[in-house]
1. What distance in nm lies between label points placed 7 Å from Cα along the C-beta direction at D:Trp410 and B:Ser79?
2. What list of whole percents do you get for P(r) of segment A:198-346, with Cα-Cα distances grouped in 5 Å bins up to the one holding the largest distance?
3. Apply the a/c threshold of 1.5 to the C-alpha gyration tensor of segment D:100-208 and tell me whether it is rounded, prolate or oblate.
4. Please get the size of the charge dipole for segment A:3-483, origin at its Cα centre, with Cβ charges of +1 on Lys and Arg and -1 on Asp and Glu, quoted in debye to the nearest 20.
5. How about D:Lys398: which lysines have a C-alpha closer than 20 Å to its C-alpha, ignoring those fewer than 8 places off in the same chain?
6. Could you tell me which residue out of A:Leu297, A:Thr14, A:Ala178 lies farthest along the dipole of segment A:3-483 toward its positive end? Charges go on the beta carbon: Lys and Arg +1, Asp and Glu -1, centred on the Cα centre.
7. Shielding by partners for A:277-288, please: the mean number of other protein chain Cβ atoms within 10 Å of each residue's Cβ.
8. How big is the Rg/Rh ratio for chain B, C-alpha atoms only, Rh by Kirkwood, two decimals?
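The values are calculated or read from the model by the stated rules, or taken from the named source; none is laboratory data. Not measured: the values here are computed from a predicted model. Counting neighbours? That spans all protein chains shown, and the Cβs are built from the backbone with ideal geometry, glycine included. Remember, those area values only see protein heavy atoms, side chains included, never the ligands or the DNA or RNA. Shrake-Rupley method; radii C 1.70, N 1.55, O 1.52, S 1.80 Å.
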Amino acid sequence: MITTDLLALLPIITLTGVILVVMMVIAFARNLALTCLCCSIGLALTLAAIAWVSINLEPQYVTPLIVVDEYALLFSSIIVIGAFFICLLAYSYHADRGENQDEYLMLMLLSTLGGIILAHSAHFASFILGLELVGVSLYAMISYPVRGFFSLEAALKYLILSGVSSATLLFGIAFLFAVTGSLSFQGMADATAHMEHASVFVLIGATFVLAGIAFKLSLAPFHMWTPDVYEGAPAPTTAFLATVSKGGIFAVLLRFFVSFDGFRFEAILESLFWVALLSILVGNILALMQDKIKRVLAYSSIAHIGYLLVGFLAASAVGGKQLAIEASMFFLIAYFVTTIGAFGVVTIMSGSTESEHDTDQLSQYEGLFWRRPLLATFFSAMLLSLAGIPLTVGFIGKFYIFAAGVQSGLWQLLAAVVVGSGIGLYYYLRIIFSMTKQPVSEDEIDIPLAGGWALGMVSVLLVVLGVYPTPVVEWVTSVARALT
Amino acid sequence: MNEAIVIPMEHGLLLAGILFLIGLLGVLVRRNIILILMSLEIMLNACGLAFIVAGAHWGVADGQIMFMLILSIAAAEVSVGLGLLLQAHRRFGSLDVDQASRMQG
Amino acid sequence: MLELGLFYIAATVSLISTVLAVTRYNAAHALIYLIISLLASAIIFYLVGAPFAAVLEVVIYAGAIMVLFVFVIMLLNLGQSGDVAEHVLLRPGMWIIPSLLCVILFIEIVYVLQSSERLLERDGRWTQRSRVGTFWTLCSGCRDRLYAATRRSGRRLSPGTALFY
Amino acid sequence: MADYIYLIPLLPLMGFLLLFTTLGNLPKALVALVGVGSVASSAMLVLLTALEFMTLREPLSTTLYTWINVGGFSPFVSFYVDGLTLTMLSVITGVGLLIHIYSSLFMLDDKDYSRFFSYMNLFVFAMLVLVLADNLLLLFVGWEGVGLCSYLLVGFWHEDSANGAAARKAFIVTRVGDTAMAIGMFLLFAHLGTLDFAPMTAAAISQWPEGSPILTIACLLLLGGAVGKSAQLPLQTWLPDAMAGPTPVSALIHAATMVTAGVYLIARTHDLFLLSPFALNTVAVIGAATLLMAAFTAITQHDIKRILAYSTISQIGYMFLALGVGAWASSIFHLMTHAFFKALLFLAAGAVIYSLHHEHNIFKMGGLRKKLPVAFWSFLIGSAALAALPFTSGFYSKDAILLSAYENAWQGPLLWGIGLLGALLTSIYSFRLVFIVFFGEVKTEPSQPAGWLMAAPLLVLCLLALVGGFIVIPVMDVFPAATGPAHDGLIAIITPAVPIVGVVIAYLIFLSHSIDISPWTDSKIGKALNRFWFSHWAMDWLYDTFIVKPYAWMAHVNRMDIVDWFYNFTADVVRFLHDQTTQSQTGQLRTYAGVMVLGLAAITAIALFSGGGTAP
């Protein structure tokens, strides 16, 4: 009994162990390469543990807090793989800048651990635990370049606003707790099972919780922090913030809604509808004439999470749950690949400058095709994937969302997706065009080994999943079937 | 009967709600970072209060456990927050949070 | 009923000191009020039957965390200049819009709490819950009295007042 | 069994990727090895497939994978090999291989050697996907792929802006057809729910009666695609200009393979066309009209490659005619023989051009018979096959087409007559070419004859052009059994005799000069007619006058306004919104928190008061 529990927790235990080892390594030898090696091996081990658990163990609860099932393992593996690539990129970034900042990688592992706990959580206690583990590590990761001015500003903004959102979230949970007397997702579901319509207690609790989650996912109108924090944080942190932390939160959101069956409460869907609509429109409109790449990506991530929410909302239709969950999960995977790749390019571009800021002005990317054709090709691939051009993973993700939306008849939202994609095409192509211009600066851009390989692998993944997505689709389908 | 039941849950929640909103008001209005962090503490404390009251209503320990979690979260956020505050004071020369608005648009 | 009385007293203390904590110009003063508020919360914890949480509240919240704030305030050594600066930062006009927002949220919370929702009881039965009695009765009592007064005086209701009914 | 079929297109794709990613950094020998080797290995695999097909005698099919399986929409990437596909595969890889070998020498001096081979490999890949596809969607992917390669290769020497213009013209004109085809595909998918050939046909047969209007429209739209790709009336104007590309490109893409894709498309969907007599007759009419017009034009041209281009249009017209009269097998047969002799002619022309330092005008050539024997014999054999002289490959295929046309229920004798006139003209212009270029006095001194790498493919193609008529293509099971043309004695004699007459006429006019045609050509009518035919029945002028100029005029009139208004207005609105929302990103933390709280209040209010919750 105890043994299987511990075995089921193997991924979490492995990663925790790795973090301890990395701490010891840092204590004895301050060597960034060594730390990075430990971290990447540790993440690989965690992935192996996840694979082992998924093959050998049945889905089970480990204490009421943690559930180990296919769903948790899918999100965990996405998070770990994402963290692995970002780890390599972060190493290149710091190594190139000559900053010997080992603790950064350790903080990242801690944050990743938080993400995995989120993916596994079936209870609000573990949810809050994971959430804060992700959040508190991120505060430090954002403010890491001590000499920077913007990073401090970004960290301050993120800290305070994230604190407000956490408090809102907790207050909502308190309401739900007050009405149901339980903190586990299943317990809440049982207590509200008889409700045709949500009681006002449930409604206010749910909207406060959703507001908190929407902040972390940077959905409008809780998105205001996103561009500033993305811009101010060092590029690897931004990549991490945009992917791993959001993936974990979305995993909880989806699991909570599926087990709580929140899709039957029209009032909640109504408010989520407006959030999704606003996110898609605001995100795309804000990105339109933006000249800073990181801000463009920030705004586009707002829009993309809006698309994701469309897939999520599609689960409200009768019989549409399976497809909607599949669509959301696949879209999230696509979003992970593309976003890590896009910020990966920014990371590599920023690594070789002496400037305190990251390289994110559009003008700095002019003529990249002539200076670094491969890097520019990768970046174009990422942007095309964000725009949803066929043969990239982004297309299939968007197609999935569309199919789910059509099946559930979410016509207004689909119209918004179409309009948003149209606007999106403009600003993505704008970047690509500016990369084909004659170069203005002749600064040398080094492509570091680790980061270059990470980026290359992500690009290959992007195309392979765009051309041959079947394995992932099957994986996602089986997980969705197990969940519903 | 347990005497704790004497106090209606709604009243406890209402108190928690008001405290939460006062904290929120503080975050919205104050420009001094110390005061903002304090307001955050008020909000988190209000959440803790709500959990304890609801937990007492149900007679389960979950509420108190969440309170302890909140306590640790508050501690962690405050320590990081105060660290940043010291940095900000050194960098901006003041505790005005509006100084930190160079990124915009 | 002693508990109930103590609860309302503690709640009042908590509310007043919290409001003061948020509005003070001097950070140290604000901190003291905040500690008072936390202590009042601790009393409420004790009253609702969570003595351990009450102890933690005093020891960790009012004790440890607030001490961190004290340290920082001492470290920065703001003194008199801090007060002056704070007067510049905090102008009365800045309260309007945030207060409006908070009032909206307040109304929403009250709307929920005074609803006659049925809640699940500990023994598994669903019962009609009491409303937020005291506060709400007070409000509606005032309203009724006002209404009666206007009726007596024979004046017509102004549109704004009519809306209130 | 059919596991390796996917390798057939994959190998050229790998070749392309290898050549493309190395960005021309490989030595030329290696480039040639990769470029030719990949096609050669797929040719071997096709041979293997053919052997297997011959033993099994049933179609092979293999599903690689389902691309996306989302909510009932699941396009399979699956390949299907039956007799028709196999014939096409053999032509593409066989002729393609020969042309690749030829190009490895022909293009040797070009600085973009690697780029050339990468495009050629990509083309072969796309073309193979086109013919292997088991459904219309995948076919369309290949279809667009070959269009792209054609664009890239026509404009291969893009330093000269005229080549770029030709490439653009080819791209845009075929795009008109492709749009029609895409709409046709949507129509079919909307009504039949599938684009896989077998279920689609079955559904169409069960769902629609013969001659149903929707089916006719769908067929005509598909025909539009075919007409664009195969350079038939009225979308044929791009092909002569496409000769701006390197000669091997003309041989491979614009003679042997890509331009016949339209024929393949109609043959593949013949069950649909059989349900719509009107569409089928339209095919026949288009074929007949095109073959005649193009043949008249070819007689008057000076440029060696343009003559061949018009002759290609004309020969594809025969294939369309065959399709239109239901002689499916003859059409595919002619497709194959045409691939042999037209590739031969183009490659031989390439050899001539290569030796004469890029001279295209036939009146500046002459007497090359002795200097370039390989080219001469190739040309002679090719022309004989093209003119359908007895016992060459072209004879068997064209004869079958003409006899089937005569048998056709709808306007059979008329179609036969047109075809026959076309055949006469074909033999006149093809031998006009031979007599002018290879006989008479030497006008330009050729440099060294081409090396064996260029000669060997010519010899192989000569052989094929001669004996290709004896190949039996395995398409009996694909098409409905046709009642063999009844050999009406007189018809069966006239049909093969006409080309011989044409050769004699050409001999009399252009070699022995026994007939002096100058009084006719110098007369006013003759000159006008010559000019008219030379300009390909003024098709370019017609398009210019009736489409391009009015369009330009409308664009000119319209330049300020109406449609643009809408777009500008939308853009302005979006930009205005952008400016406004950007203002909201003040950078001030308190604003951000305020918006968050507002949002919180709003979504709570929506949830509480949207009527979903129970009333208090």
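1. 8.8
2. Bin by bin from 0 Å, the calculated values are 2, 10, 20, 23, 20, 12, 8, 4, 1, 0.
3. Cα axes put segment D:100-208 in the oblate bin.
4. It comes to approximately 460 debye.
5. D:Lys342
6. Most positive-ward Cα: A:Leu297.
7. Whole-number average of other-chain Cβ neighbours for A:277-288 is 3.
8. Radius of gyration relative to Kirkwood radius: 1.13.
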